[in-house]
Amino acid sequence: MEQLSKKCSNYFKMLNQTSYEQDHPIKILLNQFDTDHPGLNAFELKGVQYEILAEKIDVVVWEETPFYFINNLSRCPGFNSGSVSNWLFERNCHIDEDADPETWRKFKKQQKLKLFLCCGPYCDNVHYTVSVENLVKNGMKKYYLDAEKAKIGATKEELDFLECAQRGLLAAKRICQWYAEKAYEKLKETTDPNHRKNLELLIQSANHAPWEAPSTFFEGLNACWFARNVLGAMEGIGNCTLGRVDYLLYDLYLEDIKTGRLTKDEAYHLIKQFVLLGDNQYDKNETIEYDNDSELEMGFGLGGCDQDGNPVYNELTTMFLRAHREMNCIYPKIHARFASDSPTEYLEELAQDIVSGRSVMGLSCDDGIIPGLIHDGRRLEDARSYETAGCWDNIVPNKEAMSCANYIYSLTVLEQAVYGPEPEYLDAGFQCTPLEEATSFEEVYQIFFTNLKQLIRWRCKAIGTYGKLASKVNPLCLTSALRDGSIQSKKDYTQGGSVYNKNNYAIVGFANYVDAMLVIKKLCFDEKIISLKEFLNVVRANWENNEDLLHQVRKCPHFGDNNSESNALSRRLHLDLCHVAEGIENEHGETFS
């Protein structure tokens, strides 16, 4: 394991020093093709990109492992930047600005001023999920054949999409062949029996899966990584999940154990390699300068329930948790689902990590999330199948358009109500009413609510209007092919081809926003200890010489204290915010929530 760890770490350190700008050899080839073949649309160019990447990729094979997914296409497959695969996006991203330069300027500036986040130009480039479940269950060949059937009666644009999807699938198949060929060359020079065993397994598997559906536990394991580091990297987007591994791979594991193809110890060894190869894709000793420097957008799911509501907890759940703990990994992040009916043994396994101080796990409570997803329009069985991807994004795998990182910074809105409106924010188009003149708590509430409402509606209108350009900038045909809905509708993901196509406006800092109102209500209007104007001046002076008042602030009701007043205000604001984007169509022709 130590040798494999070093090789993986050194390889990604090398990639981190690699230039992925226009002087990269692959981008030079793509630019030359573009020059020689003017007039091609985005679907046609994306097909060319897939094929050139497949021919020029540098695949990595190490004798110490049978896994085949590491390559040079991207510095970090969880992001759009630092990649040769973002060529088409970079070529076409001017389309967003050209459509409305002033809205584009304000949109970018509002993000810079931390009013909201959108990880891309109107549409997220990072938080995507290549359909791991469909890849593991069905393989790529099925979707190639489905696309061929869907061509019957298709329009020119629909044909362009379907043919591009097929080109992407064939390109991915070619990359599998490269892995097998490279392993074969190494096998001819290798005498170590363990190394030969690894290489032989790689060759056998790469010639089969995931073009065909994985038929062994190892092929399923590798497909989870292949979806992210090959398919996601080919697309020029960030792919942020490895799937619900204990749920997806358990049947393959049981079959291997039953037939004697694999022992439990051998399966555990593969799982340790699985997590190790993720954890060594970044340098833990590198100095962190920005808040997301160590973020890889890489995680896998455990636990939860199946589509019938039965808890998911099996041998693989325990193996993945223990391997992650034994190898002392940070990545891949563990996204663990739990519920009131989760087995005690499972909760105790999760608790071991928590009490040990290993803060590498995200916990998602099914008892709250599943009803929320149903309320927002998902079918029961789809809601039960949700996975947590990226940072904390709860989505229906295979079926849902991702937009979970599109959130609003309510604290910046609050700051501007106290300190502003400052000229920079006005120039960015953010209109903010100051709190200064409010004479009642109801006026305070309306200022808090209206400031947030105006920002949300402006942002949603911009995304809904100009996000529709995404298919002309960087269509996601390979990703779309593996998703439910796209081939059937003959629409790319960027055109609304998913089963669920909502967008959202998550409110970051909601609790702080509520807390600020509760403090003002109690001190300035209920108890009248201090006027609102005086209170705001104290805040602006950072509580200087007002430690007693700060002590009273800390004793005020707050979000989560289960106080009836806190609960009522939280509920009121939440329900009011649920409706602020009504009447605004999102980039896929559906709604914001």
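Would you pick out the residues in region 45-57 that are out of contact with any Gly (no Cβ under 8 Å at 6 or more places or on another chain) and assigned to a helix (DSSP H, G or I)? First the steps, then the outcome.
So in region 45-57, the residues out of contact with any Gly (no Cβ under 8 Å at 6 or more places or on another chain) come out as 45, 48, 51-57.
Selection gives L45, V48, E51, I52, L53, A54, E55, K56.
Test of understanding: among L536, L518, L532, which residue is in contact with a Pro (Cβ under 6 Å, 6 or more places away or on another chain) and modelled with pLDDT of 95 or more? Quick ask: steps written out before the conclusion?
Details: L536 fails: in contact with a Pro (Cβ under 6 Å, 6 or more places away or on another chain); L532 fails: in contact with a Pro (Cβ under 6 Å, 6 or more places away or on another chain).
So the residue among L536, L518, L532 that is in contact with a Pro (Cβ under 6 Å, 6 or more places away or on another chain) and modelled with pLDDT of 95 or more is L518.
Report the residue count in region 1-50 for those that are under 26 Å from A470 (Cβ atoms), of a type in the set (A, V, I, L, M, F, W, C) and in contact with a helix residue (DSSP H, G or I) (Cβ under 7 Å, 6 or more places away or on another chain).
So the answer is 8.
Considering only residues of region 62-82 that are closer than 21 Å to A206 by Cα and at pLDDT below 90, which is nearest to the chain's Cα centre (by Cα)? Steps first, please.
Quick first cut of region 62-82, residues closer than 21 Å to A206 by Cα only: 62-74, 77.
Remaining after also requiring at pLDDT below 90: 74, 77.
On the way: S74: 16, P77: 11 Å.
Taking the candidates together, the pick is P77.
With the condition kept exactly as written, say whether any residue in region 44-58 is touching a strand residue (DSSP E or B) at 6+ places or on another chain (Cβ under 6 Å), modelled with pLDDT of 95 or more and among the β-branched types (V, I, T).
Yes: one or more hits.
Suppose we keep only residues that are assigned to a helix (DSSP H, G or I) and over 17 Å from D308 (Cβ atoms) within region 349-368. Which one would you say is nearest to the chain's Cα centre (by Cα)? Full working, then the answer.
In the first step, residues of region 349-368 are kept if they are assigned to a helix (DSSP H, G or I); the result is 349-355, 366-368.
Cutting the leftovers down to over 17 Å from D308 (Cβ atoms) gives us 349-355, 368.
Details: E349: 26, L350: 23, A351: 26, Q352: 27, D353: 24, I354: 24, V355: 27, G368: 21 Å.
Out of the qualifying residues, it is G368.
Please verify whether region 58-67 includes one or more residues that are β-branched (V, I, T) and not in a loop (DSSP other than H, G, I, E, B). First the steps, then the outcome.
The first filter runs over region 58-67 and keeps only residues β-branched (V, I, T), leaving 59-61, 65.
Next, from what is left, pick out any that are not in a loop (DSSP other than H, G, I, E, B): 59.
Scanning region 58-67 turns up at least one residue that is β-branched (V, I, T) and not in a loop (DSSP other than H, G, I, E, B).
Conditions (1) touching a residue at least 24 places away in the same chain (Cβ under 8 Å); (2) buried (at least 17 other Cβ atoms within 10 Å of the Cβ); (3) within 20 Å of Y493 (Cα to Cα), marked per residue:
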site: E387; (1), (2), (3): yes, yes, yes
site: V396; (1), (2), (3): yes, yes, yes
site: Y419; (1), (2), (3): yes, no, no
site: P423; (1), (2), (3): no, no, no
site: F430; (1), (2), (3): yes, yes, no
site: L452; (1), (2), (3): yes, yes, no
site: A470; (1), (2), (3): yes, yes, yes
site: N474; (1), (2), (3): yes, yes, yes
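Conditions first: (1) basic (K, R); (2) buried (at least 21 other Cβ atoms within 10 Å of the Cβ); (3) in a helix (DSSP H, G or I). R483 passes all but one, so which condition is the exception?
With respect to (1) basic (K, R); (2) buried (at least 21 other Cβ atoms within 10 Å of the Cβ); (3) in a helix (DSSP H, G or I), R483 is out only on (3).
Please count how many residues of region 282-307 are out of contact with any Gly (no Cβ under 9 Å at 6 or more places or on another chain), in a loop (DSSP other than H, G, I, E, B) and touching a residue at least 60 places away in the same chain (Cβ under 8 Å).
Narrowing region 282-307 to residues out of contact with any Gly (no Cβ under 9 Å at 6 or more places or on another chain): 282-294, 302-307.
Filter once more, keeping what is in a loop (DSSP other than H, G, I, E, B): 282-294, 304, 306-307.
Those left that are additionally touching a residue at least 60 places away in the same chain (Cβ under 8 Å): 282-283, 304, 306-307.
The qualifying residues number 5.
Condition (residue is part of a helix (DSSP H, G or I), free of Cβ contacts under 8 Å to residues at least 12 places away in the same chain and not basic (K, R)) applied to region 125-138: is it met by at least one residue? It would help to see each step written out before you state the result.
To start, the set of residues in region 125-138 that are part of a helix (DSSP H, G or I) comprises 132-138.
Add one more test, that the residue is free of Cβ contacts under 8 Å to residues at least 12 places away in the same chain, and what stays is none.
Checked against the condition, which is being part of a helix (DSSP H, G or I), free of Cβ contacts under 8 Å to residues at least 12 places away in the same chain and not basic (K, R), region 125-138 yields no hits at all.
Go over the candidates A351, A323 one by one and state the one that is within 19 Å of Y268 (Cβ to Cβ) and out of contact with any strand residue (DSSP E or B) (no Cβ under 8 Å at 6 or more places or on another chain).
Answer to the selection: A323.
What about L4, is it of a type in the set (A, V, I, L, M, F, W, C), crowded, with 20+ Cβ neighbours inside 10 Å and assigned to a helix (DSSP H, G or I)?
Values: of a type in the set (A, V, I, L, M, F, W, C): yes; crowded, with 20+ Cβ neighbours inside 10 Å: no; assigned to a helix (DSSP H, G or I): yes.
No.
When you check G372 against the structure, is it within 24 Å of F107 (Cβ to Cβ) and either outside the structural domain of K502 (by TED's automatic domain parsing) or in contact (Cβ under 8 Å) with a residue 24 or more places away in the chain (or both), yes or no?
Values: within 24 Å of F107 (Cβ to Cβ): no; either outside the structural domain of K502 (by TED's automatic domain parsing) or in contact (Cβ under 8 Å) with a residue 24 or more places away in the chain (or both): yes.
Against the criterion (within 24 Å of F107 (Cβ to Cβ) and either outside the structural domain of K502 (by TED's automatic domain parsing) or in contact (Cβ under 8 Å) with a residue 24 or more places away in the chain (or both)), G372 does not qualify.
Hey, can you tell me all the residues within region 87-120 that are of a type in the set (K, R) and surrounded by fewer than 16 Cβ atoms within 10 Å (Cβ to Cβ)?
We begin by selecting, within region 87-120, every residue of a type in the set (K, R); these are 91, 105-106, 108-109, 112, 114.
Answer for region 87-120, where residues must be of a type in the set (K, R) and surrounded by fewer than 16 Cβ atoms within 10 Å (Cβ to Cβ): R105, K108, K112, K114.
Residues that are among the charged types (D, E, K, R), modelled with pLDDT of 95 or more and not assigned by TED's automatic domain parsing to the domain that holds I487: find the helices (runs of 4 or more DSSP H) completely inside region 164-277 holding 2 or more of those.
Details: elements: 193-206, 217-226, 245-259.
Those helices (runs of 4 or more DSSP H) span 193-206, 245-259.
The values are calculated or read from the model by the stated rules, or taken from the named source; none is laboratory data. Computed from a predicted structure; not experimentally measured. Positions of Cβ are backbone-derived with ideal geometry, glycine not excepted, and every protein chain shown enters the neighbour counts.
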